[in-house]
Amino acid sequence: MQLSLNQNQLTIQLEWYEQLLAFTLHNPIVVPLDHLLQVTTEEPPSRWTDLRAPGTHLPGVIKAGTYYTRQGREFWYATVDRHFLVLELREEPYQKIVLTVENHREWLDRITQATMPLD
């Protein structure tokens, strides 16, 4: 997975096998920075009642794809490494995007800085 920040948007480019596991044709996923409500590195709650449609789920290994939760539609690509980057959104098809990326704290800082208003 490749993340990039440019022109006031965050682009999430999935590898072919990540697309396969997530059962998604939406590649890349592009999020305008002004649609971000919150960005965290905290592990989000995952419930067995979340409806996977479509996606892959092996408990403790991977959760990938589109999930319908009490909060709405979410996209997950989270693996066992637990380096979470969680994007809460508005005015987007997904209310939340949950990723695991190696440098999750660095991405949190980069996205936070990019969304700060200029004085």
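Pairs of Cα atoms under 8 Å, at least six residues apart: use those to get the relative contact order of the chain, whole percent. Spell out each step's value before the answer.
Working: 230 pairs, mean separation 26.0, N = 119.
With pairs under 8 Å counted, the relative contact order is 22 percent.
Hey, can you grab everything whose amide H is under 5 Å from the amide H of GLN9? Only 5+ residues off in sequence or another chain; H modelled, so Pro and N-termini drop out.
Under 5 Å from the amide H of GLN9 lie the amide H atoms of LEU33, each far enough along the sequence or on another chain.
I'd like the distance separating the alpha-carbon centroids of the stretch 1-38 and the stretch 40-119, in whole Å.
About 11 Å separates the Cα centre of the stretch 1-38 from the one of the stretch 40-119.
Compute the Rg/Rh shape ratio of the stretch 60-112: radius of gyration over Kirkwood radius, all on alpha-carbon atoms. Before the final figure, lay out each step's value.
Working: Rg = 11.4 Å, Rh = 11.6 Å.
Rg/Rh for the stretch 60-112 comes to 0.98.
Once both axes come from the Cα atoms, what is the angle between helix 104-115 and the longest principal axis of the chain, in degrees from 0 to 90, rounded to 10?
40 degrees
Where Rh is the Kirkwood radius over the Cα pairs of the chain, the temperature 37 °C and the viscosity 0.692 mPa s, what D in µm²/s does Stokes-Einstein return? Kindly include the intermediate steps, with their values, before the conclusion.
Working: Rh = 14.5 Å.
After rounding, the answer is 227 µm²/s.
May I ask for the longest run of the chain untouched by trypsin sites (Lys or Arg not before Pro) that are loop-located per DSSP and have at most 15 neighbouring C-beta atoms (other than their own) within 10 Å?
Of all site-free stretches, the longest is 1-46.
None of the figures in this text is laboratory data; all of them are computed from the coordinates on show. The structure displayed is predicted, hence computed values, not measured ones. Heads up, the Cβs are rebuilt from the backbone with ideal geometry, glycines too, and the neighbour counts pull from every protein chain shown.
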